[in-house]
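I have placed the structure first, in the form of structure tokens, so that the comments after it can refer back to it.
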Amino acid sequence: MSRPLVTASAALCLLLVGCSTLATIRGDTLLGYRFAPYSGTQANVYTIAENDGCHTFAFFGIIDFPFSLILDTICLPVSIPV
């Protein structure tokens, strides 16, 4: 496989994943999670563990996990309730 094709495929996968952290920040009730400390990471763990036989969602949850973990850590000061 050529390098540009691999890079384009990887970029497409990342675009299709959707970030769980951004979904909880926007207020989407993704799997019942609201914006809270590490809510995107929690949603990914749930998606990976409870895939109900659909391994596609687990795959996307695994891909999204490190990105949500990083973004949840960056958003930590904002997400801690006062």
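The values are calculated or read from the model by the stated rules, or taken from the named source; none is laboratory data. Note that the structure is predicted; figures quoted are calculated from it, not measured. Cβ atoms come from the backbone with ideal geometry, glycine included; neighbour counts cover every protein chain shown.
Is it the case, given these coordinates, that ALA49 is surrounded by fewer than 16 Cβ atoms within 10 Å (Cβ to Cβ), among the small types (Gly, Ala, Ser) and at pLDDT 80 or above?
It is true that ALA49 is surrounded by fewer than 16 Cβ atoms within 10 Å (Cβ to Cβ), among the small types (Gly, Ala, Ser) and at pLDDT 80 or above.
What is the one condition in (1) at negative phi; (2) at pLDDT 80 or above; (3) surrounded by 11 or more Cβ atoms within 10 Å (Cβ to Cβ) that TYR38 does not satisfy?
(1)
Can you list residue pairs whose Cβ atoms sit under 7 Å apart, with the first residue in segment 20-49 being over 11 Å from SER68 (Cα atoms) and the second being among the aromatic types (Phe, Trp, Tyr) and at pLDDT 80 or above? Count only pairs 6 or more apart in sequence or on different chains.
LEU31/TYR46
Please name all residue pairs, on different chains or six or more residues apart, with Cβ atoms under 6 Å, provided the first residue is in segment 67-82 and is at pLDDT 85 or above and the second residue is part of a helix (DSSP H, G or I) and of a type in the set (Phe, Trp, Tyr).
none
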